[in-house]
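Participant: Before we start, here is the structure in question, set down as structure tokens.
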Amino acid sequence: MSHSAFFYGTLLHPSILRRVIGHEGGHLQICPALLLEHTRHKIKHADYPAVLPYSRSQELFASVGHAELPRDQRTVRGTFVQGLNDHDIHLLDLFEGDEYTRENVEVYPLGPLTSLSFTPVPMSSIPSSSAAATDAYVVPLDAPSLPPLDALSAPLPAETYIYAGPLTDLSPELWSYEDFVRENAWKWVGRSAHEDNYIEVDRRRDLDGKTLRTEIVDPASLPGSEDVGPAVTAEIIA
């Protein structure tokens, strides 16, 4: 099954997207896009952001005495990516974790679809310094001005990851991709990347399509086992 997704945080960076899905994404089509009636916030003590429907982020703004946002500020810029398969989506779900739920939205394209290969960089050649964060292959930092909201192109269906955690973990300050690229992208790409960011994705990819489940196992019930003791939690590959 083919999927379309809207990315608004770390996955805006093509190298991070490639790292998560485990391939170069040559068949993927990408364009800038806009999500209306949502806001993107900093998560306390994290590099990545949270997106909330504005109906929920109003509570966050109200908690610090912020006034109602005008309609043109209740928007999130990101990228629309077309052509993801079921396995890509499974790995993206793992990467996003329990903090997010994958939901259906409509996004407005801000340009034509182009191949992700237009931003080529082999994963083996990504520089080890923060210079990787400013190379030309990343999503452009200087976004063009938005057209009037009533002049947007027709919306496209997509899936995106909506924050499901407590509002107390968020800052009312809006998250900036430009700041992420300048200050933190080096932690996610290149030889100095923090592999903990990808540990669960890599673990599941190593299973090569096998099923992993967790069960309570009595050691004495295993064939050929002479163990005697309390039941334990075990991960079973099938």
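Participant: Just by accessible area at a 1.4 angstrom probe, what is the order of Asp150, Asp93 from largest to smallest?
Facilitator: Asp150, Asp93
Participant: If we count every other residue with Cβ under 13 angstrom of Ala158's Cβ, Lys/Arg +1 and Asp/Glu -1, where does the sum land?
Facilitator: Net of charged neighbours comes to -2.
Participant: Then there is this: From the alpha carbon gyration tensor of the stretch 1-52, can you work out the equivalent ellipsoid semi-axes (sqrt of 5 times each eigenvalue) and give them in Å, largest to smallest?
Facilitator: 22, 15, 8
The values are calculated or read from the model by the stated rules, or taken from the named source; none is laboratory data. Given the structure is predicted, the values throughout are model-derived calculations rather than measurements. For neighbour counting, all protein chains shown are included, and Cβ atoms are generated from backbone atoms with ideal geometry for every residue, glycine included. Note: accessible area is taken over every heavy atom of the protein model, side chains too, but ligands, DNA and RNA are not part of it. Shrake-Rupley method; radii C 1.70, N 1.55, O 1.52, S 1.80 Å.
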